[in-house]
1. Which one is nearest to Pro11 (Cα to Cα), of the residues in the stretch 66-89 that are surrounded by fewer than 18 Cβ atoms within 10 Å (Cβ to Cβ) and of a type in the set (Gly, Ala, Ser)?
2. With the condition kept exactly as written, say whether any residue in the stretch 122-139 is surrounded by 12 or more Cβ atoms within 10 Å (Cβ to Cβ), at pLDDT 75 or above, within 25 Å of Arg17 (Cβ to Cβ) and among the polar types (S, T, N, Q).
3. Among the residues of the stretch 90-109, is there at least one that is modelled with pLDDT of 95 or more, under 27 Å from Pro11 (Cβ atoms) and open to solvent by 30 Å² or more (accessible area, probe 1.4 Å)?
4. Quick check on my filter: what residues within the stretch 1-45 are open to solvent by 80 Å² or more (accessible area, probe 1.4 Å) and among the acidic types (Asp, Glu)?
5. Taking the options Thr75, Thr20, name whichever one is among the hydroxyl-bearing types (Ser, Thr, Tyr) and in contact with a Ser or Thr (Cβ under 9 Å, 6 or more places away or on another chain).
Amino acid sequence: MDLKLELIVLPVSDIERAKTFYEQAGFRLDLDKAVSEDWRAVHFTPPGSECSIIFGQGLTSAAPGSVQGLYLIVTDIEQARAELVGRGIEVSEAFHDGGGLFYHGHGAGGLTHGAEGQERVAGPHPDRASYGSYATFSDPDGNGWVLQEVTQRAPGR
């Protein structure tokens with residue numbers, strides 16, 4: 001049985017502001033539909049992704065900005081970062097984990113390490129190891145995104 005993640009609900013406080021942000025980031029607008037004053041869905045897909053995001057009114061009771069750790073996989077961290085910055089998105093500098101562990105700092109795109117020995121080091125991974133370089137950004141509500149450079153997939157992926 002295949003179980004494919006296809007849609008993530010993002011809690012936002014201002015639908016139009018979020019819509020403008022994701023358009024600016026280069027996400028494709030797939031749907032903007034209101035069926036009543038109490039329900040509206042805005043659906044976007046990141047370029048090249050099979051998974052989409054949806055936000056709006058009447059979709060979730062989660063607090064705006066509470067979704068963290070949304071990973072966007074890229075083949076070149078510096079190029080992806082530069083493209084987003086060129087689109088007016090505030091993105092952290094590229095970094096890697098000094099301890100060689102999987103980065104899991106989110107908190108509105110910021111850093112929260114939970115494992116001893118993790119250290120955020122400036123610049124991409126020195127060997128450009130697949131899964132080893134990151135950059136972070138947040139939408140206007142603080143929903144946190146992580147760019148992760150993957151040049152060679154782990155087996156079975």
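1. Ser66
2. yes
3. yes
4. Scanning the stretch 1-45 gives Asp2, Glu6, Glu16, Glu23, Glu37, Asp38.
5. Going through Thr75, Thr20 in turn, just one is among the hydroxyl-bearing types (Ser, Thr, Tyr) and in contact with a Ser or Thr (Cβ under 9 Å, 6 or more places away or on another chain): Thr75.
The values are calculated or read from the model by the stated rules, or taken from the named source; none is laboratory data. The model shown is predicted, which means the values in this text are computed figures rather than measured ones. With ideal geometry, Cβ positions are generated from the backbone for all residues, glycine too; neighbour counts draw on all protein chains shown. Heads up: the accessible areas ignore ligands, DNA and RNA and are worked out on the full protein's heavy atoms, side chains in. Shrake-Rupley method; radii C 1.70, N 1.55, O 1.52, S 1.80 Å.
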